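Asks: Mind looking over this structure? Questions follow.
The values are calculated or read from the model by the stated rules, or taken from the named source; none is laboratory data. Keep in mind that this is a model prediction, so the values were computed, not measured. Note that we place each Cβ from the backbone using ideal geometry, even for glycine, and neighbour counts take in every protein chain shown. In case anyone asks, the SASA skips ligands and DNA or RNA and just uses the protein heavy atoms, side chains included. Shrake-Rupley method; radii C 1.70, N 1.55, O 1.52, S 1.80 Å.
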Amino acid sequence: MVDLKAWCALLGLVSSTLAALPINALERKLGRNTISHRSLHKRDDVDPTLLYPEYNISTPIDHWHNDSTYEPHSNGMFNMRYWFDATYYKKGGPVIVLQSGETDATERLVYLQKGLLHQMIEATNGIGVVLEHRYYGNSWPTSDLSTKNLRFLTTDQALADEVYFAKNVVFKGLEHLDLRAPNVAYIGYGGSYAGAFNAFLRKLYPDVFWGTISSSGVVEAIWDYWTYYEPIRVYAKQSCVLNTQKITHMMDNILLGNDKKTKTELKAAFGLPNVTYDDDFAYVVGYGIDAWQGKNWDPEVNDPSFELYCGNITTDSIIYPETKGLESTVQDLLKKGGYGSEVNELTTPMLNWIGWLGQYIVDGCAGEQDECFSTHNATYYAQDSISDGSWRSWPYQYCTQWGFLQTGGTPKDILPLTSRLNTLEWESIVCVDSFNITTPPNVTAVNKYGGFAISYPRLAFVDGQIDPWRPATPHASPFNTTAHNRTSTVSEPFILIADAVHHWDENALFPNETVNHPPDFLPPVPVRETQAEEIGFLKVWMLEWDLHLLSTGKSARELELRQQ
């Protein structure tokens, strides 16, 4: 049997190397409701930025001059970045556009190199495109990110950007071909926010995009997204879940009480005596459970922090010798926090939680603790230059339209996995201090497209069974009773990837990296089967495109390309 302490130390080393934490709690908080931004290309891969040249298409800043939301209107243009690969292109092939979503699009180029996008263009003789979303990366419509200049950052404007791209792009080296929509079949793909984006794209612009795939698409905007933690509560190791719930509840009982001395004792036990705000302290202590979303089937891009955390708080032995001196303090806190009857069961898990947090989080703070761990920072939130405030784009979107504030606001009969001090008010600090937004987001601006019930021919939904974002996707049942399961068809695929987290169908391996024998298939069998199914229905969609062109008399295209 492997020594647990050695295993945890090794896993922690890998974790600290692969899953570098943001500089401070504030930046971590601002990014906590986005997709993972860690690079998905391996260290020995060719840097995809060297393989695919960067291009720009001049795009209108304001597509909606009849909408007062965007007043004062603009007649200006901005450069929107894109990259493409036409290596496999043959006459009649589609243009497949991967929407990069709320991140610098260079982080998505690896999918042209090896990923579902690469697989799709190879299978269909298509052109693969990675398209950058306005207000991310280097695609800036305005000179700064002041609240006034962020008015053009809406999903509606960004959807119109992609439509404009499809109708106007001219690919370098292929200038002799008209590869614009609707002359060519355009297929869209995206994950997470970009997944929802693609669902809306197909429904709103069916004459431009022939079909789209929404992977982990968060189609239902939700302000108080406490259900983020429900898949973790249901599918994670249950001993880890129970220990997290009970110790978190104990801490909440202390933090929400009036005994300042015991609060001070609690913070000191976790090595955070100088964190001023109780809600900041509660957030930092909960870092471990938040790591679930970083799980990936590929070991080299997987963030093992969650397994490390759970391994620490579920073992029967003390892992960190330096915490042994805190045993009586921990027992005192458990009693004061309402868990006196479970002191024997919870003391070691809490000591290991303290040790884990110290080694991987607290000890990394070189300055004042509030500088590292406080999210109450009006000066930081006021930054609005592109160089200093590029982080503002996604918070502006979730403060104005999307919500997804991951609170500890579970019903009273469910112990939360994250502190109840993680409230809507605390989550909304950035909305108030950055944008002077004091009201809930207008989720109707998103949910008007159908929410959980959105559907359209040649619109596919592919979601992860254990994804914390599943409760915001069409596969939200049973975590949300207003969502209903559907029958999957070739026209409207409805696929749930077993044991998968966040858009696990998007990344892939080179053929020589795959593992084709049990028990450790790479990619896992459910991922392989899903990607094969996606290629299968995409080929059928392209056959339908051929028939569509023939029925309209536009072309007698080379149908044999689709029949091979």
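Asks: When residues of the range 145-172 are filtered for being free of Cβ contacts under 8 Å to residues at least 40 places away in the same chain, open to solvent by less than 10 Å² (accessible area, probe 1.4 Å) and out of contact with any strand residue (DSSP E or B) (no Cβ under 9 Å at 6 or more places or on another chain), how many remain?
Replies: 0
Asks: Checking Ala123 against (1) out of contact with any helix residue (DSSP H, G or I) (no Cβ under 7 Å at 6 or more places or on another chain); (2) assigned to a helix (DSSP H, G or I); (3) open to solvent by 10 Å² or more (accessible area, probe 1.4 Å); (4) of a type outside the set (Phe, Trp, Tyr), only one condition comes out false. Which one?
Replies: Failing condition for Ala123: (1).
Asks: For Tyr55, state whether it is touching a helix residue (DSSP H, G or I) at 6+ places or on another chain (Cβ under 6 Å), closer than 24 Å to Pro182 by Cβ, of a type in the set (Phe, Trp, Tyr) and surrounded by fewer than 18 Cβ atoms within 10 Å (Cβ to Cβ). Talk me through it step by step, then tell me what you get.
Replies: On the way: touching a helix residue (DSSP H, G or I) at 6+ places or on another chain (Cβ under 6 Å): no; closer than 24 Å to Pro182 by Cβ: yes; of a type in the set (Phe, Trp, Tyr): yes; surrounded by fewer than 18 Cβ atoms within 10 Å (Cβ to Cβ): yes.
So Tyr55 does not fit the description; no.
Asks: Another one. Of Pro349, Pro416, which residue is part of a helix (DSSP H, G or I) and either free of Cβ contacts under 8 Å to residues at least 24 places away in the same chain or under 27 Å from Arg233 (Cα atoms) (or both)? Break it down stepwise before answering.
Replies: Details: Pro416 fails: part of a helix (DSSP H, G or I).
Answer to the check: Pro349.
Asks: Are any residues in the range 219-247 closer than 15 Å to Lys295 by Cβ and part of a loop (DSSP other than H, G, I, E, B), and if so, which ones?
Replies: Ala236, Lys237
Asks: Something else now. May I ask you to say which residue of Glu492, Glu425 is within 27 Å of Gln397 (Cβ to Cβ), open to solvent by 20 Å² or more (accessible area, probe 1.4 Å), modelled with pLDDT of 95 or more and not aromatic (Phe, Trp, Tyr)? First the steps, then the outcome.
Replies: Working: Glu492 fails: within 27 Å of Gln397 (Cβ to Cβ).
It is Glu425.
Asks: When Ala460 is evaluated against the numbered criteria (1) open to solvent by less than 10 Å² (accessible area, probe 1.4 Å); (2) hydrophobic (A, V, I, L, M, F, W, C); (3) within 21 Å of Trp226 (Cα to Cα), which criterion, by number, is the only one it fails?
Replies: With respect to (1) open to solvent by less than 10 Å² (accessible area, probe 1.4 Å); (2) hydrophobic (A, V, I, L, M, F, W, C); (3) within 21 Å of Trp226 (Cα to Cα), Ala460 is out only on (3).
Asks: Now a separate question. Using the structure shown, decide if Gly126 is over 23 Å from Gly195 (Cα atoms) and either in contact with a Cys (Cβ under 9 Å, 6 or more places away or on another chain) or among the small types (Gly, Ala, Ser) (or both). Walk me through how you get there before you give the answer.
Replies: Numbers: over 23 Å from Gly195 (Cα atoms): no; either in contact with a Cys (Cβ under 9 Å, 6 or more places away or on another chain) or among the small types (Gly, Ala, Ser) (or both): yes.
Against the criterion (over 23 Å from Gly195 (Cα atoms) and either in contact with a Cys (Cβ under 9 Å, 6 or more places away or on another chain) or among the small types (Gly, Ala, Ser) (or both)), Gly126 does not qualify.
Asks: Name the residues in the range 319-369 that are more than 32 Å from the chain's Cα centre (by Cα), of a type in the set (S, T, N, Q), within 22 Å of Val275 (Cβ to Cβ) and open to solvent by 20 Å² or more (accessible area, probe 1.4 Å), would you?
Replies: Selection gives Thr329 alone.
Asks: Between a first residue in the range 256-275 that is of a type in the set (Ser, Thr, Tyr) and modelled with pLDDT of 95 or more and a second residue that is open to solvent by 30 Å² or more (accessible area, probe 1.4 Å) and part of a helix (DSSP H, G or I), which pairs have beta carbons less than 9 Å apart while being 6 or more apart in sequence or on different chains?
Replies: Taking only residues 6 or more apart or on different chains, the pairs are Thr262/Asp332; Thr262/Lys336.
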